[in-house]
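K.L.:
I have a structure here, written as structure tokens, and I will follow up with some questions on it.
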Amino acid sequence: MAVKGEEKRYISSEELKKHNSASDLWISIQGKVYDVTDWLKDHPGGEIPLLDLAGQDATDAFVAFHPGSVWTRLDRFFIGYYSDYRVSEVSKDYRKLVAEFVKMGLFEKKGHGVFFSMCLMWCLFMMAVYGVLATSSVFIHLLCGGMMGFLWIQSGWIGHDSGHYQVMTSPKFNRLAQILSGNCLAGISIGWWKRNHNAHHIACNSLEFDPDLQHMPLFAVSSKLFASLTSYFYERKMYFDAVSRFLVSYQHWTFYPVMCFARVNLFAQSILLLVSKKKVPYRWHEILGVIVFWIWYPCLVSFLPTWSERVMFVIASFVVTGIQHVQFCLNHFSSCVYVGPPKGNDWFEKQTMGTLDISCSPWMDWFHGGLQFQVEHHLFPRLPRCHLRAISPLVRELCKKHKLAYSSVSFWEANRLTIKTLRTAALQAREMVGPIPKNLVWEAVNTHG
């Protein structure tokens, strides 16, 4: 921290760029430079966002993810002023919009959606349990499996919201809501989700840094992935070998079937993170919550009278919740992608070009869980979803003013565009000469995304 009375220190962009590693990490915010090397391991959002934006200006990303109360905490990391600090007209308007929302109190007004969602989740859980234990109808048991899948969808929306902003009255209750809705009810580690999702938001649609586009060897949204790019999130090379080429060649046919069972991958990713050496805040809370899920869910399934009904119940649960996995893909698969790390000086532009809104009537907002306003959510991730529809015209107008893309299509059109994107890459994969297979067994076992 600079001492009062000392001569001001100015740091150029060239010098700033040199400090871009975990052992030496500087960032610039609002014209000031901060050495956050020692803060990296304690950063509430994890170390990935800081590493991805290391050695550059990160003002817009900081504004997007942090409330005003955090600004004062930066003082202890201050080391000088950024001599090359510039603000684009887009960023100026974006920051003005953030300030306007703060004055309106939108970030604090969360509505009653979370309460109703939790009530719905409780009702779905009790009905599913009652249907399994108190009835002998095969149809009712199948319906209960579907209700369980719908319960997981609702828990996903709660986990998503609570990871971005405080949905409860206090941080402790917010944490409790996360563990109950994510780990205990759905078997998904909220710690895994936050790590994955924060990386996605910072590096939206970067083929090398956004884990939500790294689904090799099953899917490739762009032929750029055929170059066997490196995943900096999973810290491994995404080989485009013979197996990958074969699977990608038919990805427009396998997309929906795979989405029906994509839940299995989330279970696996959660467990892999929790048993890894990576830092996981409140690891034992996370592990205990996941254990609770793997006790009650198999136990409930075991009460079904026959193995065929048990299998149908599980499949119904997975297929219904597969709708949500499709929704996750619709917002980004058909949007623009790029290779390389994210940059702080084009935050607004990258978020708008890499996202797709789903146009729908207000009465369908419950179905999309806020994902229908993906552009708005990516620009204002701390904003409660009950306000996304209201601010949508303002975001659209800002994009129009600066001649930036603002894409919004119907749910069915979004599905068509996604399949078209997958089909285009699939046909390109078929036209390539087959490479020599490498580590095929390892690749099949370690499918990420």
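K.L.:
Contact list please: Cβ distance under 6 Å, first residue in the stretch 67-94 and part of a helix (DSSP H, G or I), second residue of a type outside the set (A, V, I, L, M, F, W, C), pairs at least six apart or on different chains.
P.N.:
Leu74/Tyr34; Phe77/Tyr34; Phe77/Asp35; Val90/His402; Ser91/Asp60
Yes/no per residue for (1) of a type in the set (S, T, N, Q); (2) without any contact (Cβ under 8 Å) to a residue 40 or more places away in the chain; (3) within 21 Å of Ser162 (Cβ to Cβ); (4) in contact with a strand residue (DSSP E or B) (Cβ under 9 Å, 6 or more places away or on another chain):
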| position | (1), (2), (3), (4) |
| --- | --- |
| Gln327 | yes, no, yes, yes |
| Cys336 | no, no, no, no |
| Ile358 | no, no, no, yes |
| Gly369 | no, no, yes, no |
| Ile391 | no, no, yes, no |
| His402 | no, no, no, no |
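K.L.:
Sticking with this structure for a sec: Of everything in the stretch 304-354 that's in contact with a Leu (Cβ under 6 Å, 6 or more places away or on another chain) and not in a helix (DSSP H, G or I), which residue is surrounded by the fewest Cβ atoms within 10 Å (Cβ to Cβ)?
P.N.:
Checked the stretch 304-354; the qualifying residue surrounded by the fewest Cβ atoms within 10 Å (Cβ to Cβ) is Val339.
K.L.:
So, in the stretch 272-322, exactly how many residues are acidic (Asp, Glu) and more than 30 Å from the chain's Cα centre (by Cα)?
P.N.:
Let us first name the residues in the stretch 272-322 that are acidic (Asp, Glu), namely 286, 309.
Those still in the list that are more than 30 Å from the chain's Cα centre (by Cα) too: 309.
Result for the stretch 272-322: 1.
K.L.:
If we keep just the residues of the stretch 358-406 that are within 21 Å of Phe115 (Cβ to Cβ) and assigned to a loop (DSSP other than H, G, I, E, B), which is most open to solvent (accessible area, probe 1.4 Å)?
P.N.:
Of everything passing the filter in the stretch 358-406, Arg382 is most open to solvent (accessible area, probe 1.4 Å).
K.L.:
Quick one: is Asp357 modelled with pLDDT of 95 or more, within 25 Å of Tyr94 (Cα to Cα) and of a type in the set (Asp, Glu)? Full working, then the answer.
P.N.:
Working: modelled with pLDDT of 95 or more: yes; within 25 Å of Tyr94 (Cα to Cα): yes; of a type in the set (Asp, Glu): yes.
Spelling it out, Asp357 is indeed modelled with pLDDT of 95 or more, within 25 Å of Tyr94 (Cα to Cα) and of a type in the set (Asp, Glu).
K.L.:
Against the definition (open to solvent by less than 50 Å² (accessible area, probe 1.4 Å) and in a helix (DSSP H, G or I)), how does Trp152 come out, yes or no? Step through it out loud before you land on a result.
P.N.:
Working: open to solvent by less than 50 Å² (accessible area, probe 1.4 Å): yes; in a helix (DSSP H, G or I): yes.
Taking the combined requirement at face value, the residue satisfies it.
K.L.:
Can Trp294 be described as aromatic (Phe, Trp, Tyr) and free of Cβ contacts under 8 Å to residues at least 12 places away in the same chain? If you could, list the steps in order and put the result at the bottom.
P.N.:
Numbers: aromatic (Phe, Trp, Tyr): yes; free of Cβ contacts under 8 Å to residues at least 12 places away in the same chain: no.
When the stated conditions are applied, Trp294 does not pass them.
K.L.:
Kindly indicate which of Ala58, Ala99 is in contact (Cβ under 8 Å) with a residue 60 or more places away in the chain and more than 30 Å from His141 (Cα to Cα). Give the steps one after another, and end with the answer.
P.N.:
Details: Ala99 fails: in contact (Cβ under 8 Å) with a residue 60 or more places away in the chain.
None of the others qualify; the one that does is Ala58.
The values are calculated or read from the model by the stated rules, or taken from the named source; none is laboratory data. Keep in mind it's a predicted model, so treat the numbers as computed, not measured. Cβ coordinates were reconstructed from backbone atoms using ideal geometry, including for glycine residues, and neighbour counts include every protein chain displayed. When the accessible area is computed, the model is the full protein with side chains, heavy atoms only, and any ligands, DNA or RNA have been set aside. Shrake-Rupley method; radii C 1.70, N 1.55, O 1.52, S 1.80 Å.
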